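Just below is one structure, and these are the notes that go with it.
Computed from the coordinates by the stated procedures, all read-outs in this text should not be read as laboratory data. Everything numeric in this text was worked out from a predicted model, so none of it was measured. With ideal geometry, Cβ positions are generated from the backbone for all residues, glycine too; neighbour counts draw on all protein chains shown.
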Amino acid sequence: MKKPAPAASTQFGHQDTQPWYKNYMVLIFVIGLPLFVVVSCIWFVFYSIEVKDSVVRDDWYMDGKTLYQDVSRDKLAHDLGLQGQMVFTKLPQSEDYEIDFWLDYPADSLQSGNLPNGVPVTYPDMLTLSISHATDIHKDHDTVLKHVSDNQYHATISNFDPLPAKYYVQVSNEEALNWRLREVGKLPQSKITFAPLSSFN
């Protein structure tokens, strides 16, 4: 007489007896990762609404639905042959800088007393100086260069960031001869040379 076969075991290995909320796999992959994605999406939405890109500082105008850049002031500076030198001097024990700017007319204009367009050579009482940080609008500086003597102008700017960075520097005349000189520099640096844009040659 044959003996009955032993009953098959239903134990297939270790059975986890701890509750699901104590399982690190559940906490990380089932709860943690989806929760992280949701929080990240909410933060990016808030950031995109509250932190806006700064406006580009330049001369632009609309013609219909097309946006154009006005370079008439740059071309006037080129046609008049204007150049300039700017020197930055840091004041001791402060974040303030003294700025000296020398406006240079062409030698022919100085000799004849007239600019190429026939206007007499004169030095404006003041020039507008704009120093724009490449990425951070909070580091921009706008001031007025006051005429000191001959072709020299002077200004002082306060709380200038000492960390070297890319800046767009613009000197412009807001009077009848509405010209501007532009240059890019890694400020603070000691000297910047302005020359007419070569694209108009």
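Working value for the stretch 107-169: equivalent-ellipsoid semi-axes of 32, 13, 9 Å, each the square root of 5 times a Cα gyration tensor eigenvalue, largest first. Packing order of peptides 85-95, 131-141, 99-109, highest average first: 99-109, 131-141, 85-95 (average count of other Cβ atoms within 10 Å over each peptide's residues).
The C-alpha atoms of the stretch 69-200 occupy a region whose extents along the principal axes are 46, 34, 21 Å, arranged from largest to smallest.
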